[in-house]
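The structure appears below as structure tokens.
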Ligand code: WTA
């Protein structure tokens, strides 16, 4: 949280003390087979070889035309990578794998109902489907290079097929997380000026059939309010020919994709040769202001970066069966379920549902049955599985060589359980720290080269030079036990190009804070500000402490406090709202809302419920607050800023410190008593 009164110490400056964990070495068996066991990689990617070191990643790809300039930094912070180069992402992830891997599984889709059969999509089948859907997007939906198309798809094979089809023709895809509301989807359509929506009929989650097409109807209606006329809705059926939604198809607007594909069966379209700098996709994410921002990712640099990190950090070989249990609707899924693994010719497993369905043994049955040997997931999933089935994994005969964690800090205790019980002590763990904006990993160990340290991500990955700055831009040196703001000193190929439609916001959000000279053309003057607090130990490993801005991570999902507050304010009678993060054993954090009322309204259970349901409607069920406290007034500074830090301390039963300088100090104690009483009430 940023400092809210002058002179106050920000969270990131507070010294952090924790027990140093012991290093754990990777097993010899892992090292023997690793893609990268050569220590020399750190030297090759050291600053003196920057930026040319990144040729090593770009050379993993097939280029139609080789680039002439590795990094053009003449217009900071709008970096250009592999300038002059031409390539196609769909070609790199699909076509070029055909000669060797035509009949090898590219994607194995595991439906949530356990009695249903897996769907195995070979590279040849992927090639056929991607071509057919690309033709549908261009000839039927009228989309061409540079247009935006919105996907609101859950974890079904249609999603990677749609992404690769769009990429084949340079259509910029904008996948909205399947669990987001129709309203959130419509807002993203508006921002990206996208008129075609790709969705599906329905999907299974936690044993329930969810109607996705009904969401699409609401999205179209909502988009219209924002001035976007959705001309076509393309509806994939989860199983071709069998429609599982209750919503009626709208004549002239809605079309079944399987029927469209039937009409173009067997046809092919050449992949369009794209400039390395042409945008590939948008991924909206929450920031410190109300509106989510569209992170715009480029073609060449992005693919080179995810291919390189998939190969050297995740250690993916074409022979591996790799399962990233994340949602493709998030950046992790884009980079490390679809683009990275497929560019390497791997077999990528996709699971439709929740990990505990029908019981906490499910992931391990999938791993055993499919012979998964690389497993990748988020701490929230690991915590959940640990609680529900601490010994469950022991019953199954799978063997992982490597496991990854991503998205939130992982507690050393949980890390150890992951290592010992899930990994059976045989697998290396990479704790990968990065963000939607970054395209790929920032900090992690290279698993065959560096030892693991529970709870610490590791140093910067090759070619990433992180640094910690204090609020004044002074470097916080390693080993001082002091926290600060983690920044990356250099540009890298995976970094987003800009915020879609808001270049000035891009500069302000990520570069203004620590830029040494706005006129400078030297990248060294433009450190990237990540927005996370971190500490660096003597050994160079970074421990990430979490967001310092107004972002809450709930079960690995990124939510903006402003978005939550705006949603709460749509409730009649609510005058002001503050969203804060409460610590949660399972989810890391959960949102809590404090709200004050307009005159003439009084607190009630119904009003609290209304706030909860409005937030679910505006943003989606993942954003539901765990408690709503209706209070007389919110604690404020004399200049009128809401003291979220104090409200967070109360929700977490922590000391809230000196509040005497506030405009309304008495309210703090009143709120504390109320929260205490309520939470005691809910515990009994
Ligand atoms: C947090 C997810 C600790 C961090 C790829 C970051 C982590 C935010 C880690 C980005 C990690 C991500 N350890 N914290 N290994 N990985 N984070 O955009 O706060 O959904 O800023 O990208 O997640 O979340 P996003």
| query | Consider residue 529 against the criteria (1) in contact with a helix residue (DSSP H, G or I) (Cβ under 9 Å, 6 or more places away or on another chain); (2) surrounded by fewer than 23 Cβ atoms within 10 Å (Cβ to Cβ); (3) part of a helix (DSSP H, G or I): it satisfies all of them except one. Which criterion is unmet? | reply | (3)
| Of 624, 617, 673, 641, which residue is free of Cβ contacts under 8 Å to residues at least 12 places away in the same chain and surrounded by fewer than 19 Cβ atoms within 10 Å (Cβ to Cβ)? | 673
| strands (runs of 3 or more DSSP E) fully within region 242-359 counting 3 or more residues that are within 14 Å of the ligand (Cβ to nearest atom) | 279-285, 293-298
| query | Which members of region 452-478 meet the condition of being surrounded by fewer than 22 Cβ atoms within 10 Å (Cβ to Cβ), closer than 30 Å to residue 423 by Cβ and out of contact with any strand residue (DSSP E or B) (no Cβ under 7 Å at 6 or more places or on another chain)? | reply | 454
| said: Going residue by residue through region 449-463, is there one that turns out to be away from the ligand (no atom under 14 Å from the Cβ), over 18 Å from residue 335 (Cβ atoms), in a strand (DSSP E or B) and touching a residue at least 60 places away in the same chain (Cβ under 8 Å)? | reply: no
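Kindly evaluate residue 508 against the criterion of being outside any loop (DSSP other than H, G, I, E, B) and more than 16 Å from the ligand (Cβ to nearest atom).
The answer is yes for residue 508.
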| note | Of the conditions (1) surrounded by 15 or more Cβ atoms within 10 Å (Cβ to Cβ); (2) over 22 Å from residue 113 (Cα atoms); (3) touching a residue at least 60 places away in the same chain (Cβ under 8 Å), the single one that residue 238 does not satisfy is (2)
| request: Name every residue in region 536-569 that is within 28 Å of residue 450 (Cα to Cα), buried (at least 19 other Cβ atoms within 10 Å of the Cβ) and more than 16 Å from the ligand (Cβ to nearest atom), in order of residue number. | output: none
| message | Tell me yes or no: at least one residue of region 570-590 is at pLDDT 90 or above, part of a strand (DSSP E or B), at negative phi and within 11 Å of the ligand (Cβ to nearest atom). | response | yes
| Residue list for region 408-439, restricted to those being part of a loop (DSSP other than H, G, I, E, B), modelled with pLDDT of 95 or more and within 11 Å of the ligand (Cβ to nearest atom) | 434, 435, 439
| Residue list for region 179-215, filter: touching a helix residue (DSSP H, G or I) at 6+ places or on another chain (Cβ under 9 Å) and assigned to a helix (DSSP H, G or I) | 182, 183, 184, 185, 186, 187, 189, 190, 214, 215
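The values are calculated or read from the model by the stated rules, or taken from the named source; none is laboratory data. Bear in mind that the values here come from a model prediction, so they are computed numbers and not experimental data. Cβ atoms come from the backbone with ideal geometry, glycine included; neighbour counts cover every protein chain shown.
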